[in-house]
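Notes to accompany the following structure.
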Number of protein chains: 2
Amino acid sequence: MEHLSAVDALSALAHDSRLAIFRVLVPEGPDGLPAGEIGKRLGIAANALSFHLTRLRYAGLVSVRRNGQQMIYAAAYDGMQRLMGFLTENCCQKDARGCSSDCPQGQPTSVKDKEPTPIARSA
Amino acid sequence: MEHLSAVDALSALAHDSRLAIFRVLVPEGPDGLPAGEIGKRLGIAANALSFHLTRLRYAGLVSVRRNGQQMIYAAAYDGMQRLMGFLTENCCQKDARGCSSDCPQGQPTSVKDKEPTPIARSA
DNA sequence: TCCATATTTCAACAACTATTGAAATTCACC
DNA sequence: GGTGAATTTCAATAGTTGTTGAAATATGGA
């Protein structure tokens, strides 16, 4: 995951309603939930919900499929996994206990062995 | 980490310059870097930099100390660790390969065993 | 075809966030 | 005390994002 799409994923989750939506979807697994059900559980109006779901979808964090009149949204685990991978790789200490505390992270790398990527805006 | 402070941390990182700043600080470890050096490396003006550093600090992702005229900023690993913990716990599948892919996550919990927390705004 | 349900789209507006240049603050050194 | 360097603060503005209500689209069933 590139710097920029990480920003997309982070900002998709950096909203109260969207984080709540995502958290509702996670335990539902690939089956997901119809938009209406999400809205009902969280008390979010249909149009606002649609707005937020689009944003999550754009960030690759949820997928959609149609089932009759309903749109079924599901957490896109691979998108989340890419985000976690990016954060672990770029934003966490590499030695011993990194950010996933109870998970020894494999290759311990010494701090300071890596040039930070300069900020580059694509557009 | 609560839902809301997770949103704070996520939105602090959900910006191109701030993510770049954080990534510059991570490999420097607890020694950190003076603000000016960060600005020089990333080509960010002093006042803008100060704005972003304040935001990161507010989110608990960097710490500051003074050294003479310089302000030394360092990545706050514990803040990042809390964020990673929150995401692993709330936004990832719990079974077998969760989001930290190569890290078997200890207690595998079955999907669907957890009521999602309803969205609650404190203010 | 007509109706009801589910969801999205649109446009207007409100709210928030970022950027800029100028001024202020803090500290070290003379 | 005065000067210069590092950093922050401020105010104005621009830009982006979220919210709301109304209208449109898509689907299934009578």
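Quick note: the coordinates plus some simple rules give every number you see, no bench work behind them. Owing to the predicted nature of the structure, the values given are computational and were not obtained by experimental measurement. Counting neighbours? That spans all protein chains shown, and the Cβs are built from the backbone with ideal geometry, glycine included.
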- For region A:3-78: rounded, prolate or oblate by the Cα gyration tensor [a/c cutoff 1.5]: prolate
- Nearest-0.05 FRET efficiency for A:S5 and A:S50, computed from C-beta distance (R0 30 Å): 0.85
- Query: Sequence-distant or interchain residues sharing an amide H contact under 5 Å with B:M71, placed H: which?
  - Reply: B:A35, B:G36
- Built amide H within the under 5 Å cut-off of B:Q93, gap 5+: B:C99
- at B:A45 the sorted inter-copy label distances (label 7 Å from Cα on Cβ side), in nanometres, are 3.8
- Message: List, shortest first and in nm to one decimal, how far the label point of A:Q70 (7 Å from Cα along Cα→Cβ) is from its counterparts in the other copies.
- Response: 5.9
- Query: Put a dot 7 Å past each Cα toward the Cβ at A:K40 and A:E89; how far apart are the dots in nm?
  - Reply: 4.1 nm
- Query: Taking θ as phi - 60°, what are the ³J(HN,Hα) couplings along region B:22-29 by the Karplus curve (6.51, -1.76, 1.60), each to the nearest whole Hz, with x for Gly and Pro?
  - Reply: 4, 5, 6, 6, 3, x, 7, x
- Using alpha-carbon positions, what is the distance between the centroids of region A:16-94 and region B:50-67, in Å? 30 Å
- Message: Label position 7 Å from Cα toward Cβ: report the copy-to-copy distances for B:D16 in nm, one decimal, ordered from shortest.
- Response: 2.9
